[in-house]
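Heads up: the structure comes next, in structure tokens.
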Amino acid sequence: MQNSSLPWTKDYHSLFSKKQLSHAYLISGRKGIGKKQLAEEISRKILCKEERFLDSCRCNSCKLFISSNHPDFHLIEREKEKKQIGINQIRECFDDLFESSFLNGNKIFLIYPAEAMNKDASNSALKILEEPPKNSLFILVSHRSQLLTPTILSRCSEIKVNTPKREQVKAWLKTEGIEDRDVELALNLSKNRPIEAAKLLSQSLNENRELFISNISDIIKKGENIILVSEEWSKDLESLPIKIEWMVDLLRDSLRHHFYQESCNTTSDTDHISSYLGKKVNNQTLFQLLEETNKTWNGINDETNLRIDYLLKALFISWNIELAISS
């Protein structure tokens, strides 16, 4: 857990009162805006034995929490190399539900991301949420809350976290020591999501972006390296969703160029591609590809059992056939 709160999440702390706690909360919002850190801070605040600012509190509970050794805090997330949160993970943590807390306070179970629970795990969690034991709280963090079952949603008090304003993100990046000349590009590509922007800047943004543009250009122009690129992209599952988002952005920019001949709010480093496609490709084809690309993004994020490289290869072939710059 980080030592300092994210400035745009501090206002959400007031929504959690020790005197009027719900038995279950859902913290929802876009991926990469700090929801997990907020959930951890709220958990620490609820477990804290003192009434002071978290940044300065050093009570025994806070010390244990900071060192990731708090016996009454349980984090349930995907195990390494697993696509979903399984029922055994839920059962193991819930074994502690009916035991007394170690520090004579609350017990907190944080599920992240909640939509990663498979069907059995989700059903098991729902049974507990329907009849929660005293002094046991659940915090579910979700990037895509629409994937949770209506019954789970109905058992939770939802806190929707908004994407912070651009100036807030730039100020935060500066305090983190990030004053890269590519900050504006990172903010555009990440849609102002601060954690995502920081990640892009830490991973050689220019180099990765240039490789993306090169890959897409080859696929569109020549149909080259489709199998190789699909295999390479599928090896890096962490960065894959944002690459697909970049493909979506390229199609949206093409549509902007198609419908608006004057100045468009498009991504500068791919403007030469999107402006060409906007002029040469009909809008129905662009919309069709946009829908297919979004479906691929959903398939990847839904942890489909289909091979990722097959999904990408099919998408790349569609792009080459439908856009066909070379012809």
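The values are calculated or read from the model by the stated rules, or taken from the named source; none is laboratory data. Keep in mind that this is a model prediction, so the values were computed, not measured. In this analysis, Cβ positions are derived from the backbone assuming ideal geometry, glycine residues included, and neighbour counts consider all displayed protein chains.
Among the residues of the stretch 16-51, write down those that are charged (D, E, K, R) and either over 30 Å from TRP297 (Cα atoms) or assigned to a helix (DSSP H, G or I) (or both). Correct list: LYS18, LYS19, LYS35, LYS36, GLU40, GLU41, ARG44, LYS45, LYS49, GLU50, GLU51. May I ask you to verify whether GLU115 is part of a helix (DSSP H, G or I), within 19 Å of ASP302 (Cα to Cα) and either assigned by TED's automatic domain parsing to the domain that holds SER136 or not hydrophobic (A, V, I, L, M, F, W, C) (or both)? Judged against the criteria, GLU115 is a match.
Every condition in (1) touching a residue at least 60 places away in the same chain (Cβ under 8 Å); (2) more than 24 Å from the chain's Cα centre (by Cα); (3) on the phi < 0 side of the Ramachandran plot holds for SER214 except the one numbered (1). Per the listing LYS127, LYS83, the residue uniquely in the same structural domain as SER17 (by TED's automatic domain parsing) and free of Cβ contacts under 8 Å to residues at least 60 places away in the same chain is LYS127.
Just so you know, in the stretch 194-204 the residues that are surrounded by fewer than 20 Cβ atoms within 10 Å (Cβ to Cβ) and at pLDDT 90 or above include one that is farthest from the chain's Cα centre (by Cα), and it is LYS199.
Exactly one residue among LEU54, LEU75 is part of a loop (DSSP other than H, G, I, E, B), among the hydrophobic types (A, V, I, L, M, F, W, C), surrounded by fewer than 22 Cβ atoms within 10 Å (Cβ to Cβ) and within 26 Å of the chain's Cα centre (by Cα), and that residue is LEU54. Of all residue pairs spaced 6 or more apart or on separate chains, those with beta-carbon atoms under 7 Å, a first member in the stretch 50-65 that is modelled with pLDDT of 75 or more and a second member that is acidic (Asp, Glu) are CYS57/GLU50; CYS59/GLU50. Between LYS222, LYS191, the distinction of being in the same structural domain as SER318 (by TED's automatic domain parsing), within 23 Å of LEU277 (Cβ to Cβ) and surrounded by fewer than 18 Cβ atoms within 10 Å (Cβ to Cβ) belongs to LYS222 only. Of the numbered criteria (1) at pLDDT 95 or above; (2) under 17 Å from the mean Cα position of the chain (by Cα), the one PHE109 fails is (2). So which of GLU196, GLU179 is in contact (Cβ under 8 Å) with a residue 40 or more places away in the chain and farther than 23 Å from LYS313 by Cα? After ruling out the rest, the residue left standing is GLU196.
Residue count for the stretch 310-327 under the criterion of being farther than 19 Å from ILE213 by Cβ and at pLDDT below 90: the result is 1. Of all the numbered requirements in (1) of a type in the set (S, T, N, Q); (2) closer than 23 Å to SER28 by Cα; (3) in contact (Cβ under 8 Å) with a residue 40 or more places away in the chain, SER68 misses one, and that requirement is (2).
Considering only residues of the stretch 256-287 that are among the polar types (S, T, N, Q), closer than 25 Å to ARG30 by Cα and surrounded by 12 or more Cβ atoms within 10 Å (Cβ to Cβ), which is modelled with the highest pLDDT? Among those residues, the one meeting the criterion is THR270.
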